[in-house]
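**Q** Handing you a structure now.
The values are calculated or read from the model by the stated rules, or taken from the named source; none is laboratory data. Bear in mind the structure is a predicted one, so any value in this text is a computation, not a measurement. Note that each Cβ is placed from the backbone with ideal geometry, even for glycine, and that neighbours are counted across all protein chains shown.
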């Protein structure tokens, strides 16, 4: 690995690439802090919004 | 929960402090620890483990932070996809290309766009040298045969002296079909 590697190169790959196990999304906010969003939770919320008669 | 670093071929020796789980004709390199917070140091620690596996054979790097209750089930459930992905990357490495940062930040929108345009203009020419390529807004990623790496780097320099080529990386950008 050469010396010209920038943080963006590392983040593109380790956080934006690679094999994903679950449908979880991790977003970086201000360098270090993370907002961890579970896709399952998001999908459940969307389902609740679009199918108002179903129980979440 | 076990932390998964990479998927490889059976027979991969376990790196120091880690273990290998084999199932469904595949192997996973695993650490018995939780996913660390994604500090730069933790990211590089993950990267060093995966890079250490690259010399022995094809490697599918996991995204940073990947944990699962049952590694064997992961390999079994996704063995077709993972086996095909290993074959796609066998004998190749990932190289990245982007505009070399200027010492001064872009002073105008035009300048910003011109820097991005340098990366985009080179992309088609470089993609010809690669098995596969990905164009991100700010950088290109290329899956390149190991014995083509030097020629690829030379082509980058010929195309534009203000491009930076990074790598070889494990093929993070090429694990999906």
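**Q** Quick one: in the stretch B:1-51, of everything that is assigned to a helix (DSSP H, G or I) and in contact with a strand residue (DSSP E or B) (Cβ under 9 Å, 6 or more places away or on another chain), which residue is farthest from the other protein chains (Cβ to nearest Cβ)?
**A** Restricting to residues being assigned to a helix (DSSP H, G or I) and in contact with a strand residue (DSSP E or B) (Cβ under 9 Å, 6 or more places away or on another chain), the top hit is B:49.
**Q** If the requirement is being surrounded by 15 or more Cβ atoms within 10 Å (Cβ to Cβ), over 20 Å from the mean Cα position of the chain (by Cα) and within 28 Å of residue B:152 (Cβ to Cβ), which of these qualifies: B:63, B:115, B:131, B:98?
**A** B:115
For (1) assigned to a loop (DSSP other than H, G, I, E, B); (2) in contact with a strand residue (DSSP E or B) (Cβ under 8 Å, 6 or more places away or on another chain), each residue gets a yes or a no:
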residue	(1), (2)
B:116	no, yes
B:122	no, yes
B:125	no, no
B:143	no, yes
B:148	no, no
B:155	no, no
B:166	no, yes
B:177	yes, no
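**Q** Could you please find all residues in the stretch B:66-109 being facing chain A (nearest Cβ under 10 Å), closer than 25 Å to residue B:52 by Cβ, out of contact with any strand residue (DSSP E or B) (no Cβ under 6 Å at 6 or more places or on another chain) and not in a helix (DSSP H, G or I)?
**A** Within the stretch B:66-109, B:68, B:78 meet the criteria.
**Q** Still on this model: Residue B:57 fails exactly one of the following numbered conditions: (1) in a loop (DSSP other than H, G, I, E, B); (2) closer than 16 Å to residue B:1 by Cβ; (3) touching a residue at least 12 places away in the same chain (Cβ under 8 Å). What is the number of that condition?
**A** Failed condition: (2).
**Q** Looking at B:24, B:35 in this structure, which one is at pLDDT 95 or above and over 16 Å from the mean Cα position of the chain (by Cα)?
**A** Only one candidate qualifies: B:24.
**Q** Return the only residue of B:153, B:136, B:157 being surrounded by 12 or more Cβ atoms within 10 Å (Cβ to Cβ), under 18 Å from residue A:5 (Cα atoms) and either away from chain A (no Cβ under 11 Å) or free of Cβ contacts under 8 Å to residues at least 24 places away in the same chain (or both).
**A** B:136
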